[in-house]
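To keep things clear, I will list the structure first and then write my remarks on it.
The values are calculated or read from the model by the stated rules, or taken from the named source; none is laboratory data. Given the structure is predicted, the values throughout are model-derived calculations rather than measurements. Cβ placement follows ideal geometry from the backbone for every residue including glycine, while neighbour counts extend to all protein chains displayed.
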Amino acid sequence: MPTEIENQKQKLFLKTLTEEATDIITKRMYQIGEVLNFDMIWLSLMDLLTALTLVADFGFGLTDFDIFHLEFDFQLPSIDELLKGLYTIVIELNLEDVFSKFLDFEFGIEYDPSILLDYLITLEYFFKIDTYWGIGYGRIPIGRYGIDKYCLCIYYTPFYPPKFLPSMPSNVGNQMIDLIPQSSVNPQVLAQLVALGIDPRLVKALLRKIDWFEKALEKGFFLGVNLLGYSEFAPKTYYSGKEGAKIELEPGYEAFVPNIDMLCYGFILGISLLGLDRFVVTNTTVFRDIGPRFAYYRAMRVKRRFVSPISGLLFRKTWREMQSVHKHRASLKYGTHRHFIDLIRRQVKGRIRNRVKDAFTQNVYVMAVLDLVYRKRVGHQRSKLWKTILSDEDFKNLWIEKWVAQGLNREILLELYEAFKPCQKVAEKL
């Protein structure tokens, strides 16, 4: 095995860490620009739709989502930094910094980045809250028949029954957005969110909405929430005098969708959850156009960083390091982690070999243990930060339910948890 890991280090070095390799990587970045265009815009729109749905339903602000703070810019080094082998200086930004740049670029509006995009500020900038007060709980009255006006009140109390709509911690929202690419009401995602104390009916409803957003992006054309060349112009249909499109949201179920609001907040008879969804206006939208424009702006920032000539410098170290795999810091760190992971793999398989016979399931147990051991090592994957702030007990419950949903044995998982939890401290120091 040491020989195999050494070979992997050599391949990593030759493909990404030598001087020639970093130049090749820069060229390839430009070659995949169009593919990246679609992927980044798709993900950015899905992220923002999901986040704004949670904002309106649970009182989050965009600043409460860690994933929206994963922003940075590049800066060329000074002479002193260059002599130290620092070819690129990374400047971390928070969401408000980026939002301020966006408003200035797109609208010529000054925004003080010290003002957090909390719940009320998010409502102000992303929703037509001045026209449709019903999108924000806490600022509007309960409707009284024959007295209050439609869209200026809510038709039920969102706090009844109290156990159904808990005040969700923002890490739940972070996890939902982080798992968008695999969130089609699959048992793993469902189990994790339920383990965090969220009502399973509510989890299913929220995951279902994410599926609907994906279908709407593909099968409908809603201005601002669409991708040219991908989103289809669905045949125009009418229902009760309202114009919209019929979209198959689920196998065998076609719904009349007049606007994107219907999928985010609308009450669809027979499907929607009473206490979560609400009646929406059908001839317009409660979203301001700032939302999709901000999503597109963020997507283009990602693409610009990726295809920038400076991006290729991220892999560069000192000239001396790029001449030998044995002197390059990145390859040495990679080898250290590979040896550590191999040690864990052999220990896990040794513990369960007599109880778990097939190799595939043994490897799933290995993945579960690595998920546990590397819980507190964030590295460059800042989107995983939410796991580190959970209490040990909350993470333990989440971890067990997640892997039980993948078909693993609860008793074996409990045994492995106790045996390998101390390894978290080792992984943090590597």
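A few points about this structure:
- Breaking point among (1) surrounded by fewer than 20 Cβ atoms within 10 Å (Cβ to Cβ); (2) hydrophobic (A, V, I, L, M, F, W, C); (3) at pLDDT 65 or above, for Val185: (3)
- Residue in the stretch 272-284 that is among the charged types (D, E, K, R), touching a residue at least 40 places away in the same chain (Cβ under 8 Å) and part of a helix (DSSP H, G or I) present: no
- Of everything listed in (1) crowded, with 17+ Cβ neighbours inside 10 Å; (2) in contact (Cβ under 8 Å) with a residue 60 or more places away in the chain; (3) among the charged types (D, E, K, R), the single unmet condition for Lys396 is (2).
- Within the stretch 39-59, residues that are touching a residue at least 60 places away in the same chain (Cβ under 8 Å) sit with their Cβ atoms under 6 Å from residues that are charged (D, E, K, R) and part of a helix (DSSP H, G or I), at 6+ positions apart or across chains, in these pairs: Met40/Lys303; Ser44/Arg298.
- Sole exception among (1) of a type outside the set (Val, Ile, Thr); (2) modelled with pLDDT under 80; (3) within 20 Å of the chain's Cα centre (by Cα) for Leu223, by number: (3)
- Taken over the stretch 44-72, the criterion of being part of a helix (DSSP H, G or I) and farther than 16 Å from Val98 by Cβ is satisfied by Leu45, Met46, Leu49, Thr50, Leu52, Thr53, Leu54, Val55, Ala56, Asp57, Phe58.
- Enumeration of residues in the stretch 250-261 that are in contact with a Leu (Cβ under 9 Å, 6 or more places away or on another chain) and under 12 Å from Ala234 (Cβ atoms): Ala255, Val257
- Listed by first and then second residue, the pairs linking a residue in the stretch 222-242 that is under 20 Å from Arg288 (Cα atoms) to a residue that is at pLDDT 80 or above and among the small types (Gly, Ala, Ser), with Cβ atoms under 7 Å apart and 6 or more places separating them unless they lie on different chains, are Phe222/Ala216; Val225/Ala216.
- Within the stretch 73-104, being in a loop (DSSP other than H, G, I, E, B) and among the aromatic types (Phe, Trp, Tyr) holds for one residue alone: Tyr87.
- Residue list for the stretch 344-354, filter: within 20 Å of Lys421 (Cβ to Cβ) and charged (D, E, K, R): Arg345, Arg346, Lys349, Arg351
- Number of residues in the stretch 38-53 that are closer than 16 Å to Leu70 by Cβ and of a type in the set (Val, Ile, Thr) equals 1.
- Residues of the stretch 251-262 that turn out to be free of Cβ contacts under 8 Å to residues at least 40 places away in the same chain and either surrounded by 13 or more Cβ atoms within 10 Å (Cβ to Cβ) or assigned to a helix (DSSP H, G or I) (or both), as a count: 6
- Which listed residue is at pLDDT below 85 and either surrounded by 15 or more Cβ atoms within 10 Å (Cβ to Cβ) or not small (Gly, Ala, Ser) (or both), from Leu17, Leu48: Leu17
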